[in-house]
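For reference, the structure is listed below as structure tokens.
The values are calculated or read from the model by the stated rules, or taken from the named source; none is laboratory data. Owing to the predicted nature of the structure, the values given are computational and were not obtained by experimental measurement. FYI the Cβ positions are ideal-geometry reconstructions off the backbone, even for glycines, and counts take in every protein chain you see.
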Amino acid sequence: MKRLLAFFAALVLAVGFTSAGPKPQAGIVLSHTSVACGTKKSKKQDIDLLCQQYVVRSGTTDYTIRQPKPDEQHVIPLNTPIQFTLDKNMMKFKFSGTSFKFMVISQAASSTAS
């Protein structure tokens, strides 16, 4: 009985370590646009705030991603290769030593496989 219990405990621990987190995927930044993502009230007028929106291709899937906050104004060059992870509706990656976290707006099959 003790052996069976030890076996199941070892199995549970092994499964916990093998699925520790999402695996990195390779992708490339295909396009960039600025989209309205809110307004800021000034004394006399409302100012539209812009967020950066990108299309990232990974294999046969295109991800449309957007900045979660309008105050981060980093621009990532086109055709930049990245290694990213997906966690729920967020895409995380690093570029030039800076960590980025973008909201995944949509996923679509790419029109041409890369």
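Whether a residue is under 24 Å from Lys88 (Cα atoms) and at pLDDT below 90 was assessed, and Phe17 passes this test.
Would you mention how many residues in region 78-103 are of a type in the set (S, T, N, Q) and part of a strand (DSSP E or B)? Counting residues in region 78-103 that are of a type in the set (S, T, N, Q) and part of a strand (DSSP E or B) gives 4. State whether one or more residues within region 54-61 are touching a His at 6+ places or on another chain (Cβ under 7 Å) and either more than 16 Å from Ser31 (Cβ to Cβ) or outside any loop (DSSP other than H, G, I, E, B) (or both). Yes; the residues of region 54-61 include at least one that is touching a His at 6+ places or on another chain (Cβ under 7 Å) and either more than 16 Å from Ser31 (Cβ to Cβ) or outside any loop (DSSP other than H, G, I, E, B) (or both). Which residue is farthest from Thr33 (Cα to Cα), if the candidates are limited to region 57-113 and must be among the acidic types (Asp, Glu) and surrounded by 11 or more Cβ atoms within 10 Å (Cβ to Cβ)? That would be Asp87.
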